[in-house]
Every structure is written in structure tokens, then in C-alpha cells.
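Participant: Sharing a structure with you now.
Since every read-out is calculated from the coordinates, none of them should be taken as a lab result. Just so you know, these numbers come straight off a predicted model, no measurement behind them. Positions of Cβ are generated from backbone atoms using ideal geometry, with glycine treated the same way; all protein chains shown enter the neighbour counts.
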Amino acid sequence: MASRPDRGRVEINADECKGCLLCVSVCPTQVLARTTNLNKQGYFSVGYTGSGCTGCGFCFYTCPEPGAITIRRLEKSA
Amino acid sequence: MSAPNYKPHLSRSEIFYPTFERKSGNKEVTHYCPGCGHGSLHKMIAESIQDLGINDRTIFVSPVGCSVFAYYYFDTGNIQAPHGRAPAVGTGAQRARPHSVVISYQGDGDLAAIGLNEILQAANRGEKMVVFFVNNAIYGMTGGQMAPTTLPGMRTTTTPMGRDTRLAGNPTRMCELISTLDAPIYVARGCLASPKHTMRTRKLVRKALKMQTEGKGFCFVEVLSACPTGWGMQPVDSHQWILDNMVPQFPLEIFVDKTDLDHDDYIPPKAPSPETFHEVIRIADAANQMAPAQPETKYKDPRIKVAGFGGQGVLLLGLGLAQCGMMEGRHVTWLPSYGPEMRGGTAHCHVNIADEEIGSPLISKPTVLVAMNQPSLTKFEGELVEGALVIMNSSMVPNKPKRKDLELLELPATAIAEELGNARAANMVVLGAYAGYTGVLSLETCLESLKTLIKRQALVDLNVKAITKGFEFGKAARG
Ligand SMILES: Cc1ncc(C[n+]2csc(CCOP(=O)(O)OP(=O)(O)O)c2C)c(N)n1
Ligand code: SF4
Ligand code: SF4
Ligand code: SF4
């Protein structure tokens, strides 16, 4: 049996991240992490480790920046 | 099986401007420090405004504090208020546009310190607005000084040893204070220190905004919020600190919820328009109704001080002078001096009558002094300009001015009034005498002004005589 697709997907806009790590601390599945990317504001941005996002949105509501995080959710298959 | 399809769920709110046209800094991001609670709360507010579809009727009043620049972010109506005054500004906005959604966004220094009066008065009046109160226990913008909400023992730049409650009082609990008032319909406290709390706060924000769309009443939502910079902490630690230290001081409760009760759709009456103002204060067609007198140049544009005992009618005399000037189409001001001296001692007022607009109603160098009693002459003689006119009530002022440069009109006003039957008409004797002596006002105007000045018809006759006698006296003295 093929593994089920993740329920959500998170995108980090690296240049708008201020590296506060709040999103990392609230993610229930621990799929966000600090990166070594120094963005144009001078912060080490966070990034998605690549799988396991549930689309819960905790990181979105915790992040203070309007555009740093975008969440997508898996479309219920028709 | 086709590839899984992911549809957008949460993204940048359209209520935020596409770019933030700030004067300096990166235009894609806010000016807030990493981990600052202001940003998270902004996002919740923006989301609710968008979902409720109210951006075109929202007036966002930003405070003084770190959130002073909210107008760079929210694509709504924006006003930036002086420190602590956002609820007063919001009141004005709401009354001018009763169907708008007014947001007063304030920090704890702004709301609980300098603006404590404004918030309590607005709450007590039940103004239709929502207040978002960011409690971060500190003055963020100015560098981390103690706020009214600073916790006992908490170190700030102004409490380097920790807040000593015996010296600096205890933290102010604003929700609890506001809950004691009758008018607010929704008072709640949330916090942004964990996903659970954050999602609950989101609901409080949404509910309070929704109430505004229904015109329901005053809503107050306090949000415990991190200021990692002011607290000298990493953002993640600051969230733990809120849970450990702030929440015990500031319980997360819904203190008032009257949102289900019926509300009247009372809309405050509009202030009278400038056109109807005269009618409202019943000075209809007073201005410009009389032909202006043509005084000698040296008496033009007088700056008059009228002084005497309380009870001698000096304030009414001042009003009469101003009223007459206005009737003759002049610019006028009348400024009574209230104060401890009103109780028993001397009373005085300032009157300007001028062809040009008047800068200040306060007169520091009078060109005319009316001295109804001796103390008034003694007190104000010194401040007169050189060659000023002194009208002294010689019935009650035995000693003439010491200065020799002054022009003197000795007028036995009280004696004349007594002869007419009532000493209290002395003030109108002076009005007539001033007009007769200087020519600044016509006799007709003085008599006409009585219609406004004297309410009791029985007294009009007496005052007509008083003015006329005074006018004749003044004119004769001038020669
Ligand atoms: C009349 C006036 N007094 C004082 C100040 C200085 N001042 C600017 S912001 C501020 C306090 C802000 O603290 P708070 O309201 O808690 O907002 P925060 O910055 O923490 O968000 C003060 C005292 C001012 N700008 N105007
Ligand atoms: S949406 Fe939820 S699961 Fe996905 S990254 Fe954010 S916090 Fe983690
Ligand atoms: S919460 Fe936002 S700003 Fe902070 S690290 Fe995560 S993405 Fe960056
Ligand atoms: S000083 Fe504090 S309140 Fe101000 S932006 Fe920074 S973290 Fe936020």
C-alpha cells in the first residue's frame, strides 16, 4: 500500500522570515527548522524539512510576519 | 492515482498593503522585532476584517508606541492618534461616520498610563468601537521602561532592581477595571503564547469585530503579547515567560459578554452645522446686523480688561461689549477669568474687538481698563499700555491711578445707577459711557444688544436708561 500523501504543505518565504523560531517551537510534527540561509534582512531563515506537514496552521498564526508563511491543504479527492 | 492537489489554505491577508511603503527599511516586512506579538495580532485582525468584508468601512486608529506605524500595513481607513488618545479619536470617527467599524489599537503604556482616562471614559460611554489592547508589560518603543502592567519584581530600565510594588504600585488589570462599568458589551483577555491560546485569541478578535459590524457596542480585547526586545529574551523563551508569569497575574477570561442581549441602534445626533449654529445657541442674526460705528483711530481695535467685585456685573459688561462689537460686524472675543479670585474678591474678563482676526483672547497689555472698584485699578494699572484709557467707577474708586500717562474717564457709574433705581445697572452705565466717549460702538447697538443680554423683561427699561445716561455722560466728557 502506497503511503498516504501529507495533509498539508508549508512554504516559507525566506526573505520575509526574521528567524525568531516561534514557528519551529509550535509545530506539532516538528517539520520546520532553522537553516543556514542568511536572508537579505540578515536573519537565518527557517525552512520546511520536506514532509510531514499537516496543514494545522499553528505556525501561520504564530508567525508575526504577514507574508512569511503560506499553508496549503490537501484537496479532498473527488 | 493522480498527484495530490494542494489548495491554498492560509496566506498573506489582502487587508495588508501589497508592499509597506515605509520611509526606511525592507518594504516586504513589518518594522517589528523578531517574535513581537504585534505582528501576530495584526494578522488576526487582518484576517477577520477580510472574512467579514469590512475593510471599506473600517477606521483603524493607531496609537503612539511600537504599533504607531499600523497605517503602513492595513489597507483600511487610518488615523494615528496622539499618545493615549486613540479612544477619543475613535469616538470622533465613530460619531462622524456612525456605520463605520472603529478599531482603537493600543499598547499598555498608551492605554493604561497616559491614556487611562480616555479609555475609561470611552468604555463608560459605550462607544461603538473595538479596542485591541496589547499588554506586553513594558514600554516597548521607548526602550523598555516600566508600564502600569509591569509585573511585581520585573526588571525594566526604570525599575532596574525590579518593580517594587510599595514604591510603584501593582500591575493594572484593565479588563477587570473595565468590567466594573455598565456599558461595555464584551471584555475578554487572551494571549499569544501557545497555539492553543493563539487560536482562542483569534476567536476573541473575530467576535469583537463582528459585534462592530452589527453596531452593537464597546468591546475590549486584551492580548498578552511578547516583547522579546524589551524583555531581553529569545522569542521562544518569551512565550514561556508569558505563560509562567503574565497569565497568573492577568487571568485569561471572558469578563463580560452581553453580546446576545438586544441593543438599541442609537446613533448620536449630529453636531449642528455651521449654518444652523446661530439658531442652536440662539444668537440668530446677531452678527453684522448694525451699521459699524467709525471711531477715532486711537480707540480702534481695543483690548479691554473689565474688572470689579463679583456681583458688579463685570462679566456681563464684557459680554455686552463683545456682543455689540459682533453686531457691528467686528471680530470679537470674550474671556472670563475664573479662579479662586472669583470667590468674594475681584472678577475680571478680557474683551477684544477688532477689524482683523484675533490671535489670542487673552490680553496681557490692555488698551482699556474698566475699574469698577479700587482693588481692580491697583491690580491692573501696571499692565496697561502707555496712554491707555482708564474708565474708573469714581463712586467706588477714591484713589486715581498713580501713572501719569493714562487717559482718565471718571464716571460715577454706581451713583448714576442708584439714581435710576438700582445700583446693579452700573455696568450698563459703563457700556454706554464707553460707547459715548470712544465712539467704538453706537448707542443704537448698545440698546439693541439688551435683547440678548437681559433675559428679564422687567429690567430692560432700567438698562435702557442706564446705557443712555452713560452714553450722554461719556459723550459730554469727551467734549
Ligand atoms: C505625549 C507623549 N508622551 C510620551 C511619549 C513617549 N512614548 C512613546 S511610545 C511610549 C510608550 C509606548 O509603550 P506601549 O504603549 O506599551 O507600546 P509598545 O511600544 O510597548 O507597543 C512613550 C512613553 C510620546 N511619544 N508622547
Ligand atoms: S502547518 Fe502545522 S504541521 Fe505544517 S508546518 Fe505549520 S505547524 Fe507544522
Ligand atoms: S515564525 Fe515567521 S519569522 Fe519567525 S522564524 Fe518562523 S517564519 Fe520566520
Ligand atoms: S520593542 Fe517590543 S513591542 Fe516593540 S517591536 Fe520590538 S518586540 Fe515589539
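Participant: For the condition under 30 Å from the mean Cα position of the chain (by Cα) and either closer than 27 Å to B:VAL236 by Cα or within 15 Å of ligand 4 (Cβ to nearest atom) (or both), what is the one hit in B:HIS38, B:HIS31, B:HIS9?
Facilitator: Unique residue meeting the criteria: B:HIS38.
Participant: Could I ask something else about it? Any residue that is more than 20 Å from B:GLU14 (Cβ to Cβ), more than 10 Å from ligand 2 (Cβ to nearest atom) and touching a His at 6+ places or on another chain (Cβ under 8 Å) - is there at least one of those in the range A:2-22?
Facilitator: Looking through the range A:2-22, at least one residue is more than 20 Å from B:GLU14 (Cβ to Cβ), more than 10 Å from ligand 2 (Cβ to nearest atom) and touching a His at 6+ places or on another chain (Cβ under 8 Å).
Participant: Among all residue pairs at least 6 apart or on different chains, which show Cβ distances below 6 Å where the first residue, located in the range B:1-16, is more than 7 Å from chain A (Cβ to nearest Cβ) and the second is part of a loop (DSSP other than H, G, I, E, B)?
Facilitator: B:ILE15/B:ASP75
Participant: Taking the condition farther than 30 Å from A:VAL24 by Cα and either surrounded by 16 or more Cβ atoms within 10 Å (Cβ to Cβ) or in contact with a helix residue (DSSP H, G or I) (Cβ under 8 Å, 6 or more places away or on another chain) (or both), does B:ALA183 pass?
Facilitator: When the stated conditions are applied, B:ALA183 passes them.
Participant: Next question, about the same structure. Before we move on, is B:SER40 at the interface with chain A (Cβ under 7 Å from one of its Cβ atoms), more than 19 Å from A:GLY42 (Cα to Cα) and touching a residue at least 60 places away in the same chain (Cβ under 8 Å)? First the steps, then the outcome.
Facilitator: Values: at the interface with chain A (Cβ under 7 Å from one of its Cβ atoms): yes; more than 19 Å from A:GLY42 (Cα to Cα): yes; touching a residue at least 60 places away in the same chain (Cβ under 8 Å): yes.
In short, yes.
Participant: Of all the residues that make up the range B:225-247, how many are more than 16 Å from ligand 1 (Cβ to nearest atom), over 37 Å from the mean Cα position of the chain (by Cα) and surrounded by fewer than 22 Cβ atoms within 10 Å (Cβ to Cβ)?
Facilitator: Within the range B:225-247, the first condition is being more than 16 Å from ligand 1 (Cβ to nearest atom), and the residues that meet it are B:234, B:236-237, B:239-240, B:243-245, B:247.
After this cut, where a residue has to be over 37 Å from the mean Cα position of the chain (by Cα) as well, the list is B:234, B:236-237, B:239-240, B:243-245.
Subset that is surrounded by fewer than 22 Cβ atoms within 10 Å (Cβ to Cβ): B:234, B:236-237, B:240, B:243-245.
Residues flagged as more than 16 Å from ligand 1 (Cβ to nearest atom), over 37 Å from the mean Cα position of the chain (by Cα) and surrounded by fewer than 22 Cβ atoms within 10 Å (Cβ to Cβ) within the range B:225-247 amount to 7.
Participant: Still on this model: All but one of (1) more than 16 Å from ligand 1 (Cβ to nearest atom); (2) surrounded by 21 or more Cβ atoms within 10 Å (Cβ to Cβ); (3) not β-branched (Val, Ile, Thr) hold for A:GLN41; which doesn't?
Facilitator: Of the numbered conditions (1) more than 16 Å from ligand 1 (Cβ to nearest atom); (2) surrounded by 21 or more Cβ atoms within 10 Å (Cβ to Cβ); (3) not β-branched (Val, Ile, Thr), the odd one out for A:GLN41 is (2).
Participant: Every residue in the range A:41-73 that is within 8 Å of another protein chain (Cβ to nearest Cβ) and more than 23 Å from B:SER13 (Cα to Cα), please.
Facilitator: Once the filter is applied, which keeps residues that are within 8 Å of another protein chain (Cβ to nearest Cβ) and more than 23 Å from B:SER13 (Cα to Cα), the range A:41-73 yields only A:TYR43.
Participant: Identify, please: which residue in the range A:47-74 is of a type in the set (A, V, I, L, M, F, W, C) and more than 20 Å from B:HIS42 (Cβ to Cβ) and is, among those, farthest from ligand 2 (Cβ to nearest atom)? Show your work before the answer.
Facilitator: Of all residues in the range A:47-74, those of a type in the set (A, V, I, L, M, F, W, C) come to A:53, A:56, A:58-60, A:63, A:68-69, A:71, A:74.
Going one step further and asking which of them are more than 20 Å from B:HIS42 (Cβ to Cβ), we end up with A:53, A:56, A:74.
Numbers: A:CYS53: 3, A:CYS56: 4, A:LEU74: 12 Å.
In this case the residue turns out to be A:LEU74.
Participant: Looking at B:LEU408 and the list (1) surrounded by fewer than 21 Cβ atoms within 10 Å (Cβ to Cβ); (2) in a strand (DSSP E or B); (3) under 41 Å from the mean Cα position of the chain (by Cα), which single condition is not satisfied?
Facilitator: It is condition (3) that B:LEU408 fails.
Participant: While we're on this one: Give B:VAL256, B:VAL223, B:VAL236, B:VAL205 a once-over and let me know the one that is on the phi < 0 side of the Ramachandran plot, within 14 Å of chain A (Cβ to nearest Cβ) and in a strand (DSSP E or B).
Facilitator: On the way: B:VAL256 fails: within 14 Å of chain A (Cβ to nearest Cβ); B:VAL236 fails: in a strand (DSSP E or B); B:VAL205 fails: in a strand (DSSP E or B).
Being on the phi < 0 side of the Ramachandran plot, within 14 Å of chain A (Cβ to nearest Cβ) and in a strand (DSSP E or B) holds for just one of B:VAL256, B:VAL223, B:VAL236, B:VAL205, which is B:VAL223.
Participant: Which numbered condition in (1) in contact with a Ser or Thr (Cβ under 6 Å, 6 or more places away or on another chain); (2) at positive phi is the only one that B:GLY65 fails?
Facilitator: Single failed check for B:GLY65: (1).
Participant: Among the residues of the range B:50-69, how many are farther than 16 Å from B:GLY115 by Cα and in contact (Cβ under 8 Å) with a residue 24 or more places away in the chain?
Facilitator: Residues in the range B:50-69 being farther than 16 Å from B:GLY115 by Cα and in contact (Cβ under 8 Å) with a residue 24 or more places away in the chain: 10 in total.
Participant: Please pick out the residue among A:LYS76, A:LYS18 that is more than 7 Å from chain B (Cβ to nearest Cβ), over 11 Å from the mean Cα position of the chain (by Cα) and basic (Lys, Arg).
Facilitator: The unique qualifying residue is A:LYS76.
Participant: Name the residues in the range B:116-150 that are more than 11 Å from ligand 1 (Cβ to nearest atom), crowded, with 21+ Cβ neighbours inside 10 Å and more than 14 Å from B:TYR105 (Cβ to Cβ), would you? Quick ask: steps written out before the conclusion?
Facilitator: Kept after step one, since they are more than 11 Å from ligand 1 (Cβ to nearest atom), are these residues of the range B:116-150: B:116-132.
Now restrict to residues that are crowded, with 21+ Cβ neighbours inside 10 Å: B:118-119, B:122-123, B:127-132.
Of everything in the range B:116-150, those that are more than 11 Å from ligand 1 (Cβ to nearest atom), crowded, with 21+ Cβ neighbours inside 10 Å and more than 14 Å from B:TYR105 (Cβ to Cβ) turn out to be B:ALA123, B:GLU127, B:LYS128.
Participant: Looking only at the range B:304-328, which residues are farther than 13 Å from B:GLU448 by Cβ, crowded, with 22+ Cβ neighbours inside 10 Å and in contact with a His (Cβ under 9 Å, 6 or more places away or on another chain)?
Facilitator: Answer for the range B:304-328, where residues must be farther than 13 Å from B:GLU448 by Cβ, crowded, with 22+ Cβ neighbours inside 10 Å and in contact with a His (Cβ under 9 Å, 6 or more places away or on another chain): B:ILE304, B:LYS305, B:VAL306, B:ALA307, B:GLY308, B:VAL314, B:GLY318.
Participant: More than 7 Å from every other protein chain (Cβ to nearest Cβ), away from ligand 1 (no atom under 16 Å from the Cβ), in contact (Cβ under 8 Å) with a residue 60 or more places away in the chain and aliphatic (A, V, I, L, M), is that true of A:VAL10?
Facilitator: Yes: the conditions hold for A:VAL10.
Participant: Do we find a residue being within 11 Å of ligand 4 (Cβ to nearest atom) and hydrophobic (A, V, I, L, M, F, W, C) anywhere in the range B:121-129?
Facilitator: No, every residue in the range B:121-129 fails to be within 11 Å of ligand 4 (Cβ to nearest atom) and hydrophobic (A, V, I, L, M, F, W, C).
Participant: Would you call A:ARG34 over 11 Å from the mean Cα position of the chain (by Cα) and either within 27 Å of B:CYS191 (Cβ to Cβ) or more than 8 Å from chain B (Cβ to nearest Cβ) (or both)?
Facilitator: no
Participant: Examine the range B:20-37 for a residue that is more than 11 Å from every other protein chain (Cβ to nearest Cβ), in contact (Cβ under 8 Å) with a residue 60 or more places away in the chain and touching a strand residue (DSSP E or B) at 6+ places or on another chain (Cβ under 9 Å), and state whether such a residue exists.
Facilitator: Among the residues of the range B:20-37, not one is more than 11 Å from every other protein chain (Cβ to nearest Cβ), in contact (Cβ under 8 Å) with a residue 60 or more places away in the chain and touching a strand residue (DSSP E or B) at 6+ places or on another chain (Cβ under 9 Å), which makes the answer no.
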